[in-house]
Amino acid sequence: LGAVGSQALRGLARRGNKGAHYLGVEGYRLGHSKGSHHGRTRIYRTAYFENPGYVQWCQESIQIFREMERDHQRPFLEECGTLVMEPSRNPNSTDPSKLPPICKASYDAAQQHGIAVEHLNADGLRERYPQFRGTPDMVGVFEPTGGFVRCEQVVQAALNEAKATEGVEIWDETRAVGLKNLPDNSVGVTLEKTDSKKPIVVTTKRLLLAMGGWTSQLLPSWAAHLRPNRQVQSFLQVPKGELLDQYSPKKLPTWFMIHPKSRLPQYGVPCDPHETGPQRQWLKIALHGRDDYLPDPSQNPTTVTEAEKQECWDAANLVFDCKGNFSTAAPSESDDDMASQPPFAAMIPCFYTMTKDEHFMLGSPQGYSNVFAISGLSGHGFKMGPALGQMMVDYALGEDISKWNMEFCAPTRFGV
């Protein structure tokens with residue numbers, strides 16, 4: 001019951017049939033940090049370079065996040081803008097047709113869907129956001145209505161709504177270990193509670209699966225197409241005062257950077273003014289798409305290795321002047337020496353569940369016409385959790401799901 005499952009259960013609580021019973025199952029305790037929905041914040045944006053097909057889902061999700069803000073009287077979104085940055089062969093050009101590929105795809109998706117964005121050439125980028133080190137030829141596409149979502153708070157709020165609704169039940173610390181079609185056209189799910197060795201078989205007319213990295217345990221036919229990879233989220237401690245203001249949402253957007261000296265893109269989130277205590281000074285930075293395979297996501301180590309610390313520190317120094325602003329280590333004789341102790345305030349492991357083409361897997365697995373599964377969100381799914389939850393609700397209630405235009409994410413592209 002993470003990014004998608006919590007939203008599906010919330011949606012059923014709000015839209016479900018009167019008198020029906022809805023059961024949400026979570027393998028761990030509610031609010032756990034073993035999956036892909038923790039780490040305080042996630043970026044949201046709608047000018048989607050991965051595929052314009054996601055734009056509809058991003059926009060629908062933002063509406064639901066805003067609805068939740070009104071219902072709970074809490075700020076789940078921070079609209080500080082989102083900036084995509086990339087080196088360009090034409091850094092001084094103001095012609096969007098000459099943008100580099102990732103920026104160009106973002107810009108084109110925005111034009112296709114009427115999303116306001118701004119093309120920043122190299123001079124404009126440096127003038128607007130001097131906090132970024134980047135490269136001299138780096139340009140950007142800025143989406144002013146992007147920002148970040150407070151992910152853990154959203155999941156908890158969605159589950160609280162569901163729990164408060166008659167007809168909705170939640171079982172946590174309960175694992176789904178078996179799946180079977182039954183003669184009466186229902187589905188039987190075998191569950192095991194942590195505090196009991198006796199399996200429980202639950203029957204249901206429609207089964208919704210949002211199991212992330214554990215999907216393969218129930219759907220082995222999907223196993224070859226889903227790869228859980230360990231990721232690390234790191235947080236720099238920004239000193240109080242003028243520097244903290246420079247790294248706040250008032251002055252810094254969320255961002256995604258392609259850097260020629262990094263094998264992976266970097267992304268990050270400004271300091272959150274709604275945090276309390278030291279966390280208010282945490283500047284988030286991470287690498288996107290580490291290929292560190294987890295055979296069993298349940299065994300993802302909670303500690304971070306020295307190599308992972310250095311990897312994140314090296315990435316942070318490509319993006320920001322960390323040694324000048326965040327490091328308390330003694331200055332090095334060489335400006336290129338980044339081997340000083342990384343001064344991270346916190347480092348939080350999580351994981352992505354990747355597909356080969358980095359697009360989601362959405363739909364009914366072959367042989368299970370009454371099951372709808374969502375997995376393989378590939379590191380860019382949380383922002384679309386509410387829309388994905390609504391897809392599941394539509395399926396469960398027998399409504400038309402073709403309106404979601406999900407063909408490009410169908411599992412049939414992998415033959416399953």
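The values are calculated or read from the model by the stated rules, or taken from the named source; none is laboratory data. Remember, it's a predicted structure, so these values are computed and weren't measured experimentally. FYI the Cβ positions are ideal-geometry reconstructions off the backbone, even for glycines, and counts take in every protein chain you see. We work out accessible area using only protein heavy atoms, side chains counted, and drop any ligands, DNA or RNA first. Shrake-Rupley method; radii C 1.70, N 1.55, O 1.52, S 1.80 Å.
Residue-wise test of (1) open to solvent by 40 Å² or more (accessible area, probe 1.4 Å); (2) over 25 Å from Val168 (Cα atoms).
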{"position": "Asp195", "(1), (2)": "yes, no"}
{"position": "Arg206", "(1), (2)": "yes, no"}
{"position": "Leu209", "(1), (2)": "no, no"}
{"position": "Thr215", "(1), (2)": "no, no"}
{"position": "Leu218", "(1), (2)": "no, no"}
{"position": "Asn229", "(1), (2)": "no, yes"}
{"position": "Val238", "(1), (2)": "no, yes"}
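The rows are residues; the columns are (1) at pLDDT 95 or above; (2) open to solvent by less than 10 Å² (accessible area, probe 1.4 Å).
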{"position": "Asp337", "(1), (2)": "no, no"}
{"position": "Gln341", "(1), (2)": "no, no"}
{"position": "Phe360", "(1), (2)": "yes, yes"}
{"position": "Phe382", "(1), (2)": "yes, no"}
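Look through the stretch 225-252, keep the residues that are outside any strand (DSSP E or B) and of a type in the set (A, V, I, L, M), and return whichever of them is nearest to Gly147 (Cα to Cα).
It comes out as Leu252.
Can you find, within the stretch 387-416, the residue that is nearest to Ser61 (Cα to Cα) among those that are free of Cβ contacts under 8 Å to residues at least 40 places away in the same chain and touching a Phe, Trp or Tyr at 6+ places or on another chain (Cβ under 6 Å)?
So the residue we want is Met391.
Could you please let me know if Arg10 is surrounded by fewer than 23 Cβ atoms within 10 Å (Cβ to Cβ) and either over 18 Å from the mean Cα position of the chain (by Cα) or part of a helix (DSSP H, G or I) (or both)?
So Arg10 does not fit the description; no.
Kindly provide the set of residues from the stretch 166-187 that are open to solvent by less than 40 Å² (accessible area, probe 1.4 Å) and not in a strand (DSSP E or B), ordered by number.
Those that are open to solvent by less than 40 Å² (accessible area, probe 1.4 Å) and not in a strand (DSSP E or B): Gly167, Ser186.
Out of all the residues in the stretch 135-143, is one or more more than 24 Å from the chain's Cα centre (by Cα) and assigned to a helix (DSSP H, G or I)?
no
Please find, among Trp255, Trp222, the residue that is touching a residue at least 12 places away in the same chain (Cβ under 8 Å), part of a strand (DSSP E or B) and either buried (at least 18 other Cβ atoms within 10 Å of the Cβ) or among the small types (Gly, Ala, Ser) (or both).
Testing whether each residue is touching a residue at least 12 places away in the same chain (Cβ under 8 Å), part of a strand (DSSP E or B) and either buried (at least 18 other Cβ atoms within 10 Å of the Cβ) or among the small types (Gly, Ala, Ser) (or both) leaves just Trp255.
With respect to Asp296, determine if the residue is within 24 Å of Ile102 (Cα to Cα), of a type outside the set (Lys, Arg), out of contact with any Lys or Arg (no Cβ under 8 Å at 6 or more places or on another chain) and open to solvent by 30 Å² or more (accessible area, probe 1.4 Å).
Here the answer is no, as Asp296 does not meet what is asked.
Looking at (1) surrounded by fewer than 21 Cβ atoms within 10 Å (Cβ to Cβ); (2) more than 30 Å from Tyr28 (Cβ to Cβ); (3) in contact with a strand residue (DSSP E or B) (Cβ under 7 Å, 6 or more places away or on another chain); (4) not hydroxyl-bearing (Ser, Thr, Tyr), which one does Val117 not meet, given that it meets all the others?
(1)
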